[in-house]
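So the structure is just underneath, and the comments pick up after that.
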Amino acid sequence: MQVGILIIVLFLVLLLLRVPAAFCMLITTLVYALVEQSVPQSFIPQAMVSGSASYTIMAAPFFILVGELMNSSGITKRLFKFANVLVGHITGGLGHVNVLASVFFSGVSGSAIADAAGLGNVEIKAMVDEGYDPDFSVGITAASSTIGPIIPPSSPMVLYGIMSGTSIGALFMAGIPTGILMAGFMMLVVYIISKKRNYPKSRRATLPEIWKAFKEAFWALLSPLILIVGMLSGFATPTETAAVAAAYSLFLGVVIYKEMTWQSLMDIMRNSIKSIGMVMLLIATGTVFAWMIGTEKVAEKSAELLFSLTSNPYLILLLINLFLLFVGTFMETTSALLVTLPVLLPIVKIIGMSTVQFGVIMVLLLMIGMLTPPMALCLFVTSKIGGISFDRAFKAVLPYYVALLTVLIIINLFPGVTLALTGL
């Protein structure tokens with residue numbers, strides 16, 4: 001027990017010293033192997049290799065590549081234009097367009113940062129040019145970017161599915177109603193703020209204009225359909241579907257939209273390799289870290305501690321929610337998943353919650369963390385694009401916490417919301 005406490009303390013100290021999460025897990029595991037003489041040190045590199053050499057894990061690099069390809073294939077402005085003709089006529093027009101464009105883009109990139117950076121450059125400039133305050137423009141852009149990892153495809157959902165043994169297809173389907181709820185409540189906040197500040201709206205688009213915008217965005221909108229149909233039909237595994245989506249994204253950028261150059265392709269591959277390397281290192285070190293946690297029975301002891309405080313499953317779920325909300329404020333999503341899931345998953349199973357439902361809850365909590373200091377990566381990206389201070393961006397995003405926390409409460413208390421489509 002003492003060894004277990006010491007290694008957890010060491011891990012937390014390394015995190016507070018701003019050591020990268022992958023090295024925190026590796027150093028902690030190495031120290032554990034040195035203290036526990038019964039553990040052969042050669043086991044650690046062997047476990048790292050075997051943990052990352054998995055056919056299922058190959059889905060993660062492919063989804064990262066898909067996101068990078070889609071971000072550079074010329075689809076951003078087409079999705080924005082299509083969203084504009086659909087909802088631009090509502091009070092606070094471009095605010096609603098911002099949210100709907102994020103819904104469309106989430107089916108392409110699956111990444112909050114990609115959404116914030118890719119769409120942010122288009123959205124914030126367009127909103128400011130139309131007379132919207134920079135703070136409002138930055139706030140809604142940051143908030144709507146959290147929809148990206150909820151609606152499929154989703155890189156965090158893929159990683160959660162791999163680690164927990166949960167169906168990735170089921171996780172993707174559970175994310176759809178949750179993402180729609182997020183968009184709906186955010187648009188309600190946009191409407192209320194826009195009504196008070198008398199923000200502009202565009203004229204209602206005609207049917208020919210809607211049809212034209214749809215045709216221009218059609219190929220981009222087809223991408224998530226390929227992913228969902230491929231997995232739900234059983235025609236392809238998530239890994240195979242991700243590979244097909246990567247090939248389709250390349251085809252889209254080179255042949256259909258013709259906006260991808262050789263230089264941009266090299267940049268895409270360079271960025272993808274960096275991201276994939278980071279994720280694979282996290283997965284490799286997370287494997288041995290999870291083994292160490294399992295050996296020391298940290299999950300079981302944590303469960304005993306929780307159940308000694310209360311046996312009420314709702315209170316336990318509340319404590320888990322608060323814990324993940326806290327973790328998400330200072331850890332990147334992938335790192336947070338790898339560190340916390342081995343401990344929390346057994347507890348979730350004990351209280352009888354579906355691992356699919358918990359997957360959506362966990363990802364949403366970590367997305368809220370992406371808007372919350374000190375990390376708040378989405379806020380850093382959008383505030384930089386909008387040219388305002390981080391403090392101003394944080395104040396602008398506060399109303400959207402109400403929308404996100406409302407959705408969080410709904411999916412915690414009503415499993416049917418997230419599980420409605422998983423039967424497919």
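The values are calculated or read from the model by the stated rules, or taken from the named source; none is laboratory data. For clarity, every value in this text was computed on a predicted model and none was experimentally measured. Reconstructed Cβ throughout: ideal geometry from the backbone, glycine too, with neighbour counts over all protein chains shown. Heads up: the accessible areas ignore ligands, DNA and RNA and are worked out on the full protein's heavy atoms, side chains in. Shrake-Rupley method; radii C 1.70, N 1.55, O 1.52, S 1.80 Å.
Restricted to region 186-198, and to residues there that are among the aliphatic types (A, V, I, L, M) and open to solvent by 70 Å² or more (accessible area, probe 1.4 Å), the residue that is nearest to Ala246 (Cα to Cα) is Leu188. Every condition in (1) in a loop (DSSP other than H, G, I, E, B); (2) touching a residue at least 24 places away in the same chain (Cβ under 8 Å); (3) surrounded by fewer than 24 Cβ atoms within 10 Å (Cβ to Cβ) holds for Gly423 except the one numbered (2). Within the bounds of region 198-207, is there any residue that is over 30 Å from Val356 (Cβ atoms) and in a helix (DSSP H, G or I)? Yes; the residues of region 198-207 include at least one that is over 30 Å from Val356 (Cβ atoms) and in a helix (DSSP H, G or I). Counting the residues of region 383-398 that are in a helix (DSSP H, G or I), open to solvent by 50 Å² or more (accessible area, probe 1.4 Å) and of a type outside the set (Phe, Trp, Tyr) gives 6. Pairing residues of region 272-288 that are closer than 15 Å to Phe43 by Cβ with residues that are open to solvent by 20 Å² or more (accessible area, probe 1.4 Å) and not hydrophobic (A, V, I, L, M, F, W, C), at Cβ distances under 6 Å and at least 6 apart in sequence or on separate chains, gives Ala284/Ser52. Criterion applied to Ile361, Ile410 was being surrounded by fewer than 17 Cβ atoms within 10 Å (Cβ to Cβ), assigned to a helix (DSSP H, G or I) and modelled with pLDDT of 90 or more, and the one residue passing it is Ile410. Just checking, does region 166-178 include any residue being modelled with pLDDT of 85 or more, part of a helix (DSSP H, G or I), over 13 Å from Met362 (Cα atoms) and of a type outside the set (A, V, I, L, M, F, W, C)? Yes, that holds for at least one residue. Taken over region 124-158, the criterion of being at pLDDT below 85 and either more than 12 Å from the chain's Cα centre (by Cα) or assigned to a helix (DSSP H, G or I) (or both) is satisfied by Ser155, Val158. Of all the listed residues (Ala183, Ala217, Ala205), the sole one being out of contact with any strand residue (DSSP E or B) (no Cβ under 7 Å at 6 or more places or on another chain) and at pLDDT 90 or above is Ala183. Taking the conditions exactly as written (over 25 Å from Pro224 (Cβ atoms) and modelled with pLDDT under 90), does Pro200 satisfy them or not? Spelling it out, Pro200 is indeed over 25 Å from Pro224 (Cβ atoms) and modelled with pLDDT under 90. Residues satisfying the criterion are present in region 199-209 (criterion: crowded, with 16+ Cβ neighbours inside 10 Å, among the basic types (Lys, Arg) and in contact (Cβ under 8 Å) with a residue 12 or more places away in the chain).
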